[in-house]
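Rule-based calculations on the coordinates, nothing more; no lab input. A quick note: this is a predicted structure, and the numbers were derived from the prediction, not measured. With ideal geometry, Cβ positions are generated from the backbone for all residues, glycine too; neighbour counts draw on all protein chains shown.
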Amino acid sequence: MSLRCLVVDDSPHFLEVARDLLEREGVAVVAVAQTSADALHRAAELDPDVVLVDIDLGEESGFDLTQKLTAVRNGQRRVILISAYSEMDFADMIATSSATAFLPKSDLSGRAIRDLLTPPSTASDHAE
């Protein structure tokens, strides 16, 4: 089964590029959104496996949207924050957010998303 994803960004160009890239890599982009209101509506309607949220949504905050998206499902909705800016620029805010992870836009790929959503295996996982 393919990973189902909603991408939220205020740039129509980025949304188009991200959708093309992710779908070529086996991620089903079920919808894109440019505003928080649209993202909340689409997430409720489509229940994607993961939501990619740009930190900077123009006049809106990706951090605020992340909080709303995760609150709806009691913290069970997986949200990955994305940005063209460095993680270090927002390290404290990312750390205190309800997001599952952060991914620089330059590293965006289906594999990177899957890796962030897969819990790391431990040595005890391989013990007999």
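If you put +1 on each Lys and Arg Cβ and -1 on each Asp and Glu Cβ, how big is the dipole of the chain around its Cα centre, in Debye rounded to 20? Don't skip to the answer; put the middle values down first.
Working: 11 positive and 22 negative charges, 83 e Å.
The dipole magnitude comes to about 400 debye.
Given their separation in residues at 0.36 nm each and the Cα-Cα distance between them, ALA84 and ASP20 gain 21.2 nm when the chain is fully extended.
With the highest mean first, a sort of the peptides 37-49, 85-97 on other beta-carbon atoms found within 10 angstrom per residue produces 37-49, 85-97. Using the Cβ-Cβ distance between MET93 and ASP47 with R0 set to 30 Å, the FRET efficiency from 1/(1 + (r/R0)^6) comes to roughly 0.70. With N as its number of residues, the range 3-108 has a Cα radius of gyration that, divided by 2.2 N^0.38 Å, comes to 0.96. First measure r as the distance between the Cβ atoms of SER106 and SER2, then evaluate 1/(1 + (r/R0)^6) with R0 = 41 Å and state the FRET efficiency to the nearest 0.05. With R0 = 41 Å, the Cβ-Cβ based efficiency is 0.95.
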